[in-house]
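Some notes on the structure that comes next.
The values are calculated or read from the model by the stated rules, or taken from the named source; none is laboratory data. All figures in this text were calculated on a predicted structure; none of them were measured in a lab. Positions of Cβ are generated from backbone atoms using ideal geometry, with glycine treated the same way; all protein chains shown enter the neighbour counts.
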């Protein structure tokens, strides 16, 4: 497995900056609105990171089995253990699950790190059997926001590890190539989609 730099050493979830807290509140409000009303039986989060989103899913759907995956990182594994989350190491382009395994698949802030997003979405569609919720930073807005807060100046605001860049339209087009019933939301500065596995 090729190691892809994650880049997200900055913990936006725990920021005390009032502007960043407001942005994250808008993001989570949108995410909550896009999640299925009916409680899924099994949920997969690819790119689980520290487990913030998986914890949120577990609170919303207390009887649901939530499984998370990410690339090998002992610090992430410690975070999962502390939070009581089920996590494992795997590549999104080669998911270690049978077809039609999950009622809900989440890919929150992960596809911008993936060398082959088309292959990743094919795998998401393969292992899913219901809803899919995805999010990515909206470029170039994301880079401009980084520059405004004085981050990653030598890279023109590009977060380390962000190797894919999409506009709202570009990301929506990518998702529609693999999934159906795509709904798109744009809480600043992200694009979120909610869709369903193609029958």
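For (1) crowded, with 21+ Cβ neighbours inside 10 Å; (2) more than 18 Å from the chain's Cα centre (by Cα), each residue gets a yes or a no:
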{"site": "84", "(1), (2)": "no, yes"}
{"site": "101", "(1), (2)": "no, yes"}
{"site": "108", "(1), (2)": "yes, no"}
{"site": "117", "(1), (2)": "yes, no"}
{"site": "131", "(1), (2)": "yes, no"}
{"site": "154", "(1), (2)": "no, yes"}
{"site": "162", "(1), (2)": "yes, no"}
{"site": "172", "(1), (2)": "no, no"}
{"site": "189", "(1), (2)": "no, no"}
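Which one of 149, 196, 185, 176 is farther than 23 Å from residue 126 by Cβ and modelled with pLDDT of 95 or more? Reasoning before the result, please.
Numbers: 149 fails: modelled with pLDDT of 95 or more; 196 fails: farther than 23 Å from residue 126 by Cβ; 176 fails: farther than 23 Å from residue 126 by Cβ.
Of 149, 196, 185, 176, the one residue that is farther than 23 Å from residue 126 by Cβ and modelled with pLDDT of 95 or more is 185.
Report yes if some residue within the stretch 61-70 is farther than 15 Å from residue 105 by Cβ and modelled with pLDDT of 95 or more; otherwise report no.
yes
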Qualifying positions in the stretch 39-63 - free of Cβ contacts under 8 Å to residues at least 40 places away in the same chain and either on the phi > 0 side of the Ramachandran plot or assigned to a loop (DSSP other than H, G, I, E, B) (or both) | 39, 48, 50, 51, 61, 62, 63
Quick check: is even one residue across the stretch 13-29 under 18 Å from residue 132 (Cα atoms), touching a residue at least 60 places away in the same chain (Cβ under 8 Å) and either buried (at least 17 other Cβ atoms within 10 Å of the Cβ) or in contact with a strand residue (DSSP E or B) (Cβ under 9 Å, 6 or more places away or on another chain) (or both)?
-> yes
